[in-house]
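Read-outs: derived from the displayed coordinates by stated rules, not from any lab. Since the model is a prediction, treat every value here as computed from it, not as a measurement. In this analysis, Cβ positions are derived from the backbone assuming ideal geometry, glycine residues included, and neighbour counts consider all displayed protein chains.
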């Protein structure tokens with residue numbers, strides 16, 4: 001978690017409204033809330049910038065907890081954006097995937113603290129929640145606010161907030177979208193397995209891919225109608241394997257350079273062509289095993305615009 005303001009900074013914000021100190025100490029925290037709520041980098045940045053811009057004209061001398069005040073403002077702004085975005089996603093072409101944060105590409109301003117990173121699979125999982133479920137769940141389970149604070153932030157009763165959080169937990173713990181909260185694979189092992197995967201994928205090695213995929217593996221691709229991709233999720237190991245080994249599928253993907261890169265805090269794959277980012281493939285690993293549970297392939301060029309077009313040397 002992002003650390004709160006130091007005592008001296010907190011006093012300066014309360015007494016003198018030092019917006020620079022406020023921004024310097026809380027920008028990452030604000031972005032982490034907005035990004036988790038929205039899953040869209042540009043929208044999260046807009047929410048953060050708007051909130052800090054509004055704070056320049058606010059008298060904060062009466063605010064006892066600046067961090068909680070920020071969380072309330074960012075969450076409610078994000079709720080408004082998310083409710084509108086949900087309507088737009090209903091007419092989205094194919095499956096909608098959130099935008100990733102890519103360590104080797106993204107600017108330092110977008111990079112979250114190491115302890116504040118959210119995995120891509122977890123971000124995808126949050127899309128199954130309603131906007132209010134997402135807000136309550138994140139404030140309680142991720143940012144660790146108590147129910148009285150959440151009630152005040154969202155304008156709902158404590159009992160209602162508890163029910164909403166309970167409902168969100170049940171949704172997230174369903175068999176369909178289970179997430180391994182205690183992964184057994186470290187980054188080194190993941191790197192080796194992904195290297196095996198990309199080698200087998202490029203060579204159409206069915207037996208090797210069969211060994212790497214879990215029985216109920218699934219693949220979701222997001223082209224947004226701008227590039228060729230599957231409209232619906234590909235479910236079952238048999239169907240995913242057929243897609244990965246088809247001579248007609250992913251022709252361009254095999255021609256692009258595959259680079260192991262940290263995406264949302266975990267080793268995943270980015271695909272480049274002449275230094276330009278063309279796609280991102282993220283892996284979710286089956287609980288307690290070294291097999292791939294889900295594959296998330298992002299090809300929509302507009303969702304890659306926020307990512308810098310060149311690798312660091």
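Structure notes:
- Taking label points 7 Å from Cα along the Cα-to-Cβ direction, residue 152 and residue 302 give a separation of 4.0 nm.
- The modelled label-to-label distance between residue 91 and residue 208, using points 7 Å beyond Cα along the C-beta direction, is 4.5 nm.
- When peptides 247-259, 146-158 are ranked by their average number of other Cβ atoms within 10 Å per residue, the highest-first order is 146-158, 247-259.
- FRET efficiency, 1/(1 + (r/R0)^6) with R0 35 Å, evaluated for residue 195 and residue 142 via beta carbons: 0.65
- Peptides 188-201, 63-76 ranked from most to least packed, by the mean per-residue count of other Cβ atoms within 10 Å: 63-76, 188-201.
- Once the Kirkwood radius over Cα pairs is known for region 92-313, the Stokes-Einstein relation at 25 °C and 0.890 mPa s delivers a diffusion coefficient of 132 µm²/s.
- Radius of gyration and maximum dimension Dmax of region 46-96, Cα, Å: 15.0, 49
- With R₀ fixed at 22 Å, the C-beta to C-beta distance from residue 160 to residue 65 puts the FRET efficiency at about 0.50.
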